[in-house]
1. Return P(r) of region 121-196 (all Cα-Cα pairs; 5 Å bins starting at 0; whole %; ordered from short to long distances).
2. May I ask you to compute the full-extension gain from residue 107 to residue 272, defined as 0.36 nm times their residue separation minus their alpha-carbon distance, rounded to one decimal in nm?
3. Dipole of region 4-326 (Lys/Arg Cβ +1, Asp/Glu Cβ -1, origin at the Cα centre): which of 49, 256, 224 lies farthest to the positive side?
4. How compact is the chain by the rule of thumb for globular proteins, expressed as Cα Rg over 2.2 N^0.38 Å?
5. Once you order the gyration tensor axes a ≥ b ≥ c over the Cα atoms, which shape class does region 183-330 get: rounded for a/c under 1.5, otherwise prolate or oblate by comparing a/b with b/c?
6. Order these by the 10 Å Cβ neighbour count, fewest first: 32, 291.
7. Exactly which trypsin sites (Lys or Arg not before Pro) in region 39-129 are in a DSSP loop and have at most 16 other Cβ atoms within 10 Å?
8. Please sort by residue number the trypsin sites (Lys or Arg not before Pro) in region 231-328 whose DSSP state is loop and whose Cβ has at most 15 other Cβ atoms within 10 Å.
Amino acid sequence: MTVIDVHTHMLSQAWFDLLKAKGAPRFEVRPSKDWPAPLGIYQDGAPFMTPQPGHFDYELRIAKMDEAKVDLAVVSLTAPNVYWGDRATSLEAARLVNDSMAEAQRNWPDRIRWMCSLPWEYPEDAVAELERAHAAGAVGVIVLANVAGRSLTDPLFAPIWQAIDAKGLPVLVHPTAPPGVREMAMTQYNLVAQVGFMFDTTLAIARMIYDGFLDRYPNLKIIAAHAGGALPFLVGRLDQCWANMPAVRERLTMPPSEALRRIWYDAVVYRLDALEMCLDVAGEDRVLYGSDYPHNIHDMRGCLARVDSLPYAARRAVRGANAARIFQLG
C-alpha cells in the first residue's frame with residue numbers, strides 16, 4: 001500500500017527572505033518563542049508560524065519520510081502563503097516558491113509532487129501563474145481559507161476558479177488566521193493555531209456548500225484541511241438547520257451531509273475517534289493521508305498509525321489510493 005502525504009509543507013529561503021523584506025506591515029520576522037527555531041513569523045505583532053529546519057531541507061524531508069514509511073509527498077506552501085506585499089511582490093513570492101518545488105520534483109521524481117501557490121488577490125496574474133506552474137509539473141493548488149480577509153466565494157476570484165476547474169485540479173483549502181482574531185482575543189495562548197484555524201476552514205467550506213460553489217465548478221476537487229475543521233462534528237446541526245431554516249436552503253438543494261460527501265478531507269487529526277468521525281461523514285473514498293510535516297505540531301508517524309488502525313479497505317484508500325486517483329499519480 002503506497003503512502004501519499006497530501007498535507008505537508010515546504011518553504012524556500014528566497015520566499016522567506018522576501019517575506020522578511022516586504023511582509024510589513026502585517027507580517028514580520030522576529031526571534032521565535034518556539035525552541036529550537038531561531039526565527040518566527042509574526043502577524044499583527046502576534047506569533048503566527050515558526051519555520052522549522054524541515055521547511056527548507058528536502059534531504060531531511062526524504063529522511064523523515066523514510067523513517068515514517070511515507071512514499072510520496074505532495075508538498076505545498078503554508079500560511080501566510082503569498083497574500084502580502086503589493087502586486088509585484090505577491091507574484092514574485094508565488095514564482096519563487098513554485099520554482100523551488102518544481103526543482104525538488106525534478107531532483108526527487110519518485111518522492112516529491114507539489115501544489116502551486118497563486119497571487120489570488122490579482123486574478124490575471126494568478127491565472128497566468130497557474131498556467132506556468134501547471135506546465136512545470138504542479139499537480140494541484142493550495143489556497144488559504146480566506147485570502148487577506150476575502151471569502152473564497154468572492155466574485156473577484158471567479159476567473160481563477162474557472163481556470164482551475166477547467167484543469168480539474170485538486171485544491172487544498174488550508175486555514176490561516178480568520179477575520180476577527182483581535183476581537184476574539186485569539187492572539188493569546190496561540191489560540192489562532194489551536195482554534196482559529198479550525199474556524200477558518202469550517203467557514204470557508206460551509207460557504208462553498210451553501211453558495212452553490214460546487215455546482216458552478218463541477219470539476220473541482222476541494223480538499224478540506226485538518227479533516228474539515230469542525231464540519232464532521234457539526235454535520236447533524238447543519239442538516240437540522242437546513243431542514244428548518246429557509247435561508248439555509250437559498251442555494252443548497254440537498255442536505256449539507258450530502259454536500260459534504262462532494263469534497264475530500266485530509267487525515268491530519270490527533271485522535272482516532274476524530275478520524276473515524278471524518279470517515280463516517282465523508283466516506284472512505286474521500287479521505288487522504290496527511291501529516292502537517294514539518295510544523296512543530298506535525299505527526300507523520302502518528303497520523304499514519306491512526307490510518308493503519310482502520311479496517312483494510314479504508315486503510316488502503318486513505319493511505320494512498322484516494323490521493324493517487326484525484327492527483328492522477330498512477
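None of the figures in this text is laboratory data; all of them are computed from the coordinates on show. Worth saying up front: this structure is predicted, and the values here are computed from it rather than measured. For neighbour counting, all protein chains shown are included, and Cβ atoms are generated from backbone atoms with ideal geometry for every residue, glycine included.
1. Spelled out bin by bin, region 121-196 gives 3, 14, 21, 21, 13, 10, 10, 6, 1 percent.
2. Gain on stretching residue 107 to residue 272: 55.9 nm.
3. Farthest towards the positive end: 256.
4. Expressed relative to 2.2 N^0.38 Å, the Cα Rg reads 0.93.
5. oblate
6. With the sparsest Cβ surroundings first, the list reads 32, 291.
7. Listed in order of number, the matching sites are 69.
8. Taking region 231-328 and a limit of 15 other Cβ atoms within 10 Å, the loop trypsin sites (Lys or Arg not before Pro) found are 251, 271.
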